[in-house]
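In what follows, a structure is listed as C-alpha cells, so that the remarks can point back to it.
The values are calculated or read from the model by the stated rules, or taken from the named source; none is laboratory data. Predicted model, so just to flag it, every value in this text is computed and none were measured. Here the Cβ positions follow ideal geometry from the backbone for every residue, glycine too, while neighbour counts run over all protein chains shown.
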Amino acid sequence: LAVESVPVPDSLRLTSPERARLKARERDHERTVAAMYRLERAAGAPAPGRDDAWRLDVVGALASLENAVSEEQTNANRPDSLLSELVRGQPRLRARVRALRVQHDQERQAIAWLRREIVQHTDGHADYADLRRQVASLLSGLRYEQAREADLVYEALVTSAV
Amino acid sequence: VVENAEMRADDHAFAAIHSDDQRVLDTLHEVERFAGRAGRRREHEWLTELRTAVAALERALTVHHHHASSGDGLLTRLGDEGPDLQARVTELRERFGSVRAEVHALARRLEALATSRDIDVTDLRRRVEHTADELRYQQAREADLFHEARLVDLTTAD
C-alpha cells in the first residue's frame, strides 16, 4: 500500500481485528484512488480529432470508478466493516457515519449519471471542455468525501484509545 | 536528412515534455494524497507532510516551466509555426504561470502556518483542490495543443 489515508500513531494499540478492518478499508480506498487516476488520465488525454476514442476511454474509466466506489460502499456498509464497528463502539458517531454513507451513494449515482450521459450523446462532437469540467467536479467531490472519512476514522480511533 | 533530424528533435522534445508532465502529475497526486489524509487532531503533522509535498510540486513545475520556455522547447517551436499557435502558446504559458504562482502562494501560506495553532484543514484542502483542478485543466489543454499540432504535421507530411 502507498501512504495510508489514516495514519495510526505508535501510541495507539489496535487489536488484530481492528488492524484487519483498517487494512481492508485502505485496500478499498486504494482501489478507488487507482480508478480515479485512470479517469483523470482518460479525461486529460488529447481530445480534438479523436473524439470517439477519447469518449470511449472516459466512459470505460467511469465504469471502472463506478465499480470501485460501489465495492467500497458495499464493504463499508457491512456489519463487520470499520465504519460499522466504530458506530457500535461510539454511538455518537452514528449521524456522521450516516451522512458519509449518504454522500458516498450520491457520488456513485453522479458517476453513473455522467457515464450514461456520455453514452447517450454520442452524436456530433464531444464538448470535451465541459466533460472535463464535470469529471473534475466529480473527482473533487470524491476526494472531499475521502478526506472527511479519513478525519472521522482517525478521530474515532484516537478517541476510543483515550 | 534534414527532415529526419527535425523529426528526431520533435520526438525528443515530445518525450521531454511528457516526462515533465508526468513528474508534475505524480507530485500533484502526492499533494492530494497528503491533503486527503486524516488532518483533524493531528493538524501539525498533516501540515508538515503537505508542505513537503507542495514543495516537490513547486520544484516539478519549475522544471516544467524551464523546459517549456527554453528556446528549443516544444512550446517555443510550436509558437514559431504561426500566429494562431503563437496565441495559444502564449495563453497556455500565462495560465501555467498563474498556476505556478498559486502553488508558490500556497507553499508560503503553509510555511506561515507552521507555528500557528489555527490550522483550518478543510479550507486548505479546498485551496489545494482549486489549484489542482486548474493545473489538470491546463495540462489537458497542453495535451490537446500538442496533439493538434502533431496531426497538422502528419497531414502536411502526407
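A few comments on the model shown:
- Residue that is farthest from the other protein chains (Cβ to nearest Cβ), among those in region B:112-135 that are in a helix (DSSP H, G or I), without any contact (Cβ under 8 Å) to a residue 60 or more places away in the chain and over 24 Å from A:LEU152 (Cβ atoms): B:ALA112
- Single residue of region A:107-138 satisfying the filter (facing chain B (nearest Cβ under 9 Å) and of a type in the set (A, V, I, L, M, F, W, C)) that is farthest from A:HIS29 (Cα to Cα): A:ALA129
- Residue within region B:25-32 that is within 17 Å of B:PHE146 (Cβ to Cβ) and either within 14 Å of chain A (Cβ to nearest Cβ) or surrounded by 13 or more Cβ atoms within 10 Å (Cβ to Cβ) (or both) present: yes
- Qualifying helices (runs of 4 or more DSSP H) (wholly inside region A:29-127; at least 2 residues being touching an Asp or Glu at 6+ places or on another chain (Cβ under 6 Å) and of a type outside the set (S, T, N, Q)): A:94-120
- Region A:7-19 residues that are over 21 Å from B:GLY36 (Cβ atoms) and among the basic types (Lys, Arg), paired with ones that are modelled with pLDDT under 90 and not in a loop (DSSP other than H, G, I, E, B) (beta carbon under 9 Å, 6 or more apart): A:ARG13/A:ALA161
- Qualifying residue in region B:98-108 (condition: crowded, with 19+ Cβ neighbours inside 10 Å and not hydrophobic (A, V, I, L, M, F, W, C)): no
- Whichever residue in region A:1-32 is β-branched (Val, Ile, Thr) and farther than 17 Å from A:ASP151 by Cα and, among such residues, is surrounded by the most Cβ atoms within 10 Å (Cβ to Cβ): A:THR32
- Any hit, region B:88-98, residues being at pLDDT 85 or above, part of a helix (DSSP H, G or I) and more than 26 Å from B:ALA56 (Cα to Cα): yes
- When residues of region A:139-162 are limited to those that are surrounded by fewer than 20 Cβ atoms within 10 Å (Cβ to Cβ) and hydrophobic (A, V, I, L, M, F, W, C), the one farthest from the chain's Cα centre (by Cα): A:VAL162
- Qualifying residue in region A:152-161 (condition: assigned to a helix (DSSP H, G or I), β-branched (Val, Ile, Thr) and away from chain B (no Cβ under 14 Å)): no
- Hits in region A:107-155 - residues which are at pLDDT below 95 and small (Gly, Ala, Ser): A:GLY124, A:ALA126, A:ALA129
The rows are residues; the columns are (1) in a helix (DSSP H, G or I); (2) modelled with pLDDT under 95; (3) surrounded by fewer than 17 Cβ atoms within 10 Å (Cβ to Cβ); (4) not aromatic (Phe, Trp, Tyr).
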{"position": "B:MET7", "(1), (2), (3), (4)": "yes, yes, yes, yes"}
{"position": "B:PHE34", "(1), (2), (3), (4)": "yes, no, no, no"}
{"position": "B:GLU49", "(1), (2), (3), (4)": "yes, no, no, yes"}
{"position": "B:ALA55", "(1), (2), (3), (4)": "yes, no, yes, yes"}
{"position": "B:LEU61", "(1), (2), (3), (4)": "yes, no, no, yes"}
{"position": "B:HIS64", "(1), (2), (3), (4)": "yes, yes, no, yes"}
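- Top-ranked residue of region B:61-81 - restricted to ones that are in contact (Cβ under 8 Å) with a residue 40 or more places away in the chain and over 17 Å from the mean Cα position of the chain (by Cα), ranked as farthest from B:ALA16 (Cα to Cα): B:GLU81
- Test result for B:ASP84, surrounded by fewer than 16 Cβ atoms within 10 Å (Cβ to Cβ) and free of Cβ contacts under 8 Å to residues at least 12 places away in the same chain: yes
- Any hit, region B:75-84, residues being under 16 Å from B:GLU129 (Cα atoms) and not in a loop (DSSP other than H, G, I, E, B): no
- Cβ-Cβ distances below 6 Å connect the following pairs, each with a first residue in region B:42-56 that is within 12 Å of chain A (Cβ to nearest Cβ), a second residue that is of a type in the set (Val, Ile, Thr), and a separation of six or more residues or different chains: B:GLU43/B:ILE119; B:ALA53/B:VAL31.
- Taking region A:9-45 as the range and being farther than 20 Å from A:ARG101 by Cβ and facing another protein chain (nearest Cβ under 10 Å) as the test, the residues that pass are A:PRO9, A:TYR37, A:GLU40, A:ARG41, A:ALA43, A:GLY44, A:ALA45.
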